[in-house]
Amino acid sequence: MLSYLKGLLSGGLLRKLAPRKTRFAAVDIGFREIKIIEISTEDGIPVVTAFGRFPTPADALADPVDEDALVDALNESVPASGIQTKEVIITISGDRVITRHIKVPLMPVKELEAAVRFEAEKFIPVPVDELTIRYLNLGEIESGSEKNLHLLLAAMPTSFVYDYYRFFTRAGLIVAAIDLQSLGLWRVFCGLETSTARAGTLGILDIGASVTQFVVVRNRVIQFTRALPVGGNLLTHSLAEYYRLDFQEAQRMKEEEGELLNTEAAASATTGAMQVDFSLREGLSELVREIRRSLDYYMVQEGAMPVDRFIISGGTSKLKGFREFFAEAMEVPVDFGNPGIPGLPGGDSEDIPFDPSFAVALGTALREVVE
């Protein structure tokens, strides 16, 4: 009888008695900024009710993380953001998480966990007992005459998971879940009813300071994900080297003076603007190479289809002229995605409908809303 009561309390009865949640908040700690956002579903549709961007303490995400600095930063930024819930969903930087796409034979759900751990042992050079391993079933795929399950596997050191839970708890927050940044990007640009990215093969790029998330989606189904170890810091370092500036001053220069010139603008540009353009392109060359390598790797996968357009997000995508530069480099249309829900953080111009720095945070907050 006791076990039966425990089952009821931990299962459906408790869920039925508990009030339905209508507010969901997410915290995305990047190398340069902490993004916080909250959505409400009280009226049946998601609406952004609060958000904020705040600087990440210098070197706080080094290994090991500077827990005290992060706790202090959260204690300041969370109240300033205006969110009303203390329960948050968080993301962990892509370079801390190992992800792989794997194929396994069709099998019952209860057998999948053991199969996933067996697959993880093949490519992760860390004992699986020291890892927290999860998987997402992306559906059935055909390989020749056989049918397999396409799984997205994610693993990270369990000690690292505990570290994050601990310092969020010290900041007075409850971690409801840890989410993958790539899944958040899918929700924002493909999962919402208001999303326009529903047909064809779409590449999504979220270009952060040091990591770029790359996701390929075909007809709203995730086909491929990869975290690239490059980002906007490449441009900052290029400016710093060219102009002999320290990193912070080069970062300021990039944000305030940086612009990639098109042919028409270059014809009448000043020498100074041309020099900035040249330096930025030097930094971008490595980013483009990494993206092309990932595209090449994706294209050799069975059943891969060419990407027919890109959506870009992340802080680096706001650089003036970046969209046009990247469209020319990839030879396909490139757009800033628009989730199309009320209350979004505003963009810098008509071409940027919402602040793309919030794409990951918004998608993370939508975790319990978008299936």
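The values are calculated or read from the model by the stated rules, or taken from the named source; none is laboratory data. Nothing here was measured: the structure is a model prediction, and the numbers come from that model. Neighbour counts are summed over all protein chains in view; Cβ atoms, including those assigned to glycine, are modelled from backbone coordinates with ideal geometry.
Can you find a residue in segment 290-304 that is of a type in the set (K, R) and free of Cβ contacts under 8 Å to residues at least 24 places away in the same chain? Let's see the steps before the verdict.
Let us first name the residues in segment 290-304 that are of a type in the set (K, R), namely 292-293.
Those left that are additionally free of Cβ contacts under 8 Å to residues at least 24 places away in the same chain: 292-293.
Within segment 290-304 (the criterion being of a type in the set (K, R) and free of Cβ contacts under 8 Å to residues at least 24 places away in the same chain), the answer is yes, since at least one residue qualifies.
Please identify the pairs in which a residue from segment 134-157 that is on the phi > 0 side of the Ramachandran plot has its Cβ atom under 7 Å from the Cβ atom of a residue that is at pLDDT 90 or above and surrounded by 16 or more Cβ atoms within 10 Å (Cβ to Cβ), counting only partners at least 6 apart or on another chain.
If the second residue must be at pLDDT 90 or above and surrounded by 16 or more Cβ atoms within 10 Å (Cβ to Cβ), the pairs left are G139/H150.
Yes or no, residue by residue, for (1) polar (S, T, N, Q); (2) in contact with an Asp or Glu (Cβ under 9 Å, 6 or more places away or on another chain):
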residue: V27; (1), (2): no, no
residue: R32; (1), (2): no, no
residue: T99; (1), (2): yes, no
residue: L106; (1), (2): no, yes
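Limited to segment 162-174, what total is found for residues that are touching a residue at least 40 places away in the same chain (Cβ under 8 Å) and in contact with a strand residue (DSSP E or B) (Cβ under 6 Å, 6 or more places away or on another chain)?
The number of residues fulfilling the criteria is 3.
Of all residues in segment 205-229, which are closer than 15 Å to F322 by Cβ and in contact with a strand residue (DSSP E or B) (Cβ under 6 Å, 6 or more places away or on another chain)?
L205, D206, T212, listed by residue number.
Take the conditions surrounded by 14 or more Cβ atoms within 10 Å (Cβ to Cβ), part of a helix (DSSP H, G or I) and either among the acidic types (D, E) or at positive phi (or both) and apply them to D95. Does it pass?
On the way: surrounded by 14 or more Cβ atoms within 10 Å (Cβ to Cβ): yes; part of a helix (DSSP H, G or I): yes; either among the acidic types (D, E) or at positive phi (or both): yes.
So D95 fits the description; yes.
Criterion first (surrounded by 16 or more Cβ atoms within 10 Å (Cβ to Cβ), closer than 20 Å to T364 by Cβ, in the same structural domain as I90 (by TED's automatic domain parsing) and not small (G, A, S)) does I178 satisfy it?
Yes, satisfied.
Just wondering, is there one or more residues in segment 229-236 that are in a helix (DSSP H, G or I) and assigned by TED's automatic domain parsing to the domain that holds D28?
Checked against the condition, which is being in a helix (DSSP H, G or I) and assigned by TED's automatic domain parsing to the domain that holds D28, segment 229-236 yields no hits at all.
Need a quick list: helices (runs of 4 or more DSSP H) entirely within segment 248-367 having at least 1 residues that are more than 21 Å from D28 (Cα to Cα) and in the same structural domain as L202 (by TED's automatic domain parsing).
Because the criterion is at least 1 residues that are more than 21 Å from D28 (Cα to Cα) and in the same structural domain as L202 (by TED's automatic domain parsing), the helices (runs of 4 or more DSSP H) in segment 248-367 that meet it are 263-267, 271-299, 322-330.
Are any residues in segment 7-43 assigned to a loop (DSSP other than H, G, I, E, B), surrounded by fewer than 19 Cβ atoms within 10 Å (Cβ to Cβ) and modelled with pLDDT of 80 or more, and if so, which ones?
Within segment 7-43, K21, T22, T41, E42 qualify.
Report yes if A327 is among the hydrophobic types (A, V, I, L, M, F, W, C) and without any contact (Cβ under 8 Å) to a residue 60 or more places away in the chain, otherwise no.
Judged against the criteria, A327 is a match.
Kindly provide the set of residues from segment 122-175 that are surrounded by 12 or more Cβ atoms within 10 Å (Cβ to Cβ), of a type outside the set (S, T, N, Q) and in contact with a His (Cβ under 8 Å, 6 or more places away or on another chain), ordered by number.
Passing the criteria: L138, I141, H150, L151, L152, L153.
Yes or no: segment 104-112 includes at least one residue that is modelled with pLDDT of 90 or more, farther than 16 Å from T225 by Cβ and either of a type in the set (F, W, Y) or touching a Ser or Thr at 6+ places or on another chain (Cβ under 8 Å) (or both).
Scanning segment 104-112, I find no residue that is modelled with pLDDT of 90 or more, farther than 16 Å from T225 by Cβ and either of a type in the set (F, W, Y) or touching a Ser or Thr at 6+ places or on another chain (Cβ under 8 Å) (or both), so the answer is no.
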